[in-house]
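Q: Before I ask anything, here is the structure I am working with.
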Amino acid sequence: MSEPFDLFGESVAWVADTGLFVACGRQQNTKYIALERFAQRNDLTFVIPQRVYDELGGAPDRSTAGQTPINSAVDTGCVRIAGEPDYSNSAVSQVMDDVRSFIARSSNRDEDQIEKTDTALAAVAVEQLREEHEFVCVVTTDVDAGEGVIAALDANGFENRAQFKNGFELIGEIT
């Protein structure tokens, strides 16, 4: 189990999943506004996998005309889309495999039923730890995915460098 560290420290990447943004709703929603203010107040940027961006970008008809909430968040600097992970890197591929196995065991599903965005979340966390940050905070509303990413990181040389933050709890804390 990872040891706690200061989530608002200088070298912490906040890696977020689809569920966080879906739970916040539209730009005018108080939860969305609170999340944006939280990011600005704490001078942090949520880093999301391309897969998350793709999932969130497909609903412009339910958003402000011409602008999806995720695009607004990118424009304001609250969200950054991560580059494509280096899948040839053994740490990336091993952590992704471990997350898939963890979620399958925890949820009693076949590994081939695990969402690719869950493993992409892990890949982005590895890339952030290898290239840019000392620590990561993984924010997702999927407890199995969050715990799986942390367990996989701890098991693959990134022990005590990652924490899981339940997205629903974060929204509750900031609203």
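The values are calculated or read from the model by the stated rules, or taken from the named source; none is laboratory data. These numbers were taken from a predicted model, which means no experiment stands behind them. Quick reminder, even Gly has a Cβ in these numbers, built from the backbone with ideal geometry, and neighbours come from all protein chains shown.
Q: Do you know which of the residues in the range 26-41 that are in contact with a Gly (Cβ under 9 Å, 6 or more places away or on another chain) and over 13 Å from G172 (Cα atoms) is surrounded by the fewest Cβ atoms within 10 Å (Cβ to Cβ)?
A: If we take residues in the range 26-41 being in contact with a Gly (Cβ under 9 Å, 6 or more places away or on another chain) and over 13 Å from G172 (Cα atoms), then Q40 is surrounded by the fewest Cβ atoms within 10 Å (Cβ to Cβ).
Q: A further question follows. I'm trying to understand the selection: among the residues of the range 7-25, which are charged (D, E, K, R) and either loosely packed, with under 14 Cβ neighbours inside 10 Å or not in a loop (DSSP other than H, G, I, E, B) (or both)?
A: The one that is charged (D, E, K, R) and either loosely packed, with under 14 Cβ neighbours inside 10 Å or not in a loop (DSSP other than H, G, I, E, B) (or both): E10.
Q: Then there is this: Go through the range 155-171 and report how many residues are within 17 Å of the chain's Cα centre (by Cα), within 21 Å of D6 (Cβ to Cβ) and not aliphatic (A, V, I, L, M).
A: 8
Q: Restricting the first residue to the range 1-23 and requiring it to be under 14 Å from A162 (Cβ atoms), which pairs with a second residue that is modelled with pLDDT of 80 or more and aromatic (F, W, Y) meet a Cβ separation below 6 Å and a spacing of at least six or different chains?
A: Sorted first by the residue in the range 1-23, then by its partner, the pairs are F5/F135; V12/F135; W14/F46; A16/F46.
Q: On to the next question. Provide a single number: the residues in the range 119-148 that are touching a strand residue (DSSP E or B) at 6+ places or on another chain (Cβ under 8 Å), of a type outside the set (G, A, S) and part of a helix (DSSP H, G or I).
A: Qualifying residue count for the region: 6.
Q: Is at least one residue of the range 71-92 of a type in the set (D, E, K, R), in contact with a Cys (Cβ under 6 Å, 6 or more places away or on another chain) and either closer than 17 Å to V12 by Cβ or free of Cβ contacts under 8 Å to residues at least 60 places away in the same chain (or both)?
A: Within the range 71-92, not a single residue is of a type in the set (D, E, K, R), in contact with a Cys (Cβ under 6 Å, 6 or more places away or on another chain) and either closer than 17 Å to V12 by Cβ or free of Cβ contacts under 8 Å to residues at least 60 places away in the same chain (or both).
Q: Related question: Could you run through the range 89-113 and say how many residues are outside any helix (DSSP H, G or I) and more than 19 Å from E127 (Cβ to Cβ)?
A: 3
Q: Still on this structure: Which residues, taken from the range 110-140, are surrounded by fewer than 20 Cβ atoms within 10 Å (Cβ to Cβ) and either of a type in the set (A, V, I, L, M, F, W, C) or touching a residue at least 60 places away in the same chain (Cβ under 8 Å) (or both)?
A: Answer for the range 110-140, where residues must be surrounded by fewer than 20 Cβ atoms within 10 Å (Cβ to Cβ) and either of a type in the set (A, V, I, L, M, F, W, C) or touching a residue at least 60 places away in the same chain (Cβ under 8 Å) (or both): K116, E132, E134.
Q: Can you pull out every residue in the range 90-109 that is modelled with pLDDT of 90 or more and either loosely packed, with under 13 Cβ neighbours inside 10 Å or more than 19 Å from V139 (Cα to Cα) (or both)?
A: S90, A91, S93, Q94, D97, S101, A104, R105
Q: Quick check on the range 149-170. Is at least one of its residues in a strand (DSSP E or B) and farther than 21 Å from R37 by Cα?
A: Checked against the condition, which is being in a strand (DSSP E or B) and farther than 21 Å from R37 by Cα, the range 149-170 yields at least one hit.
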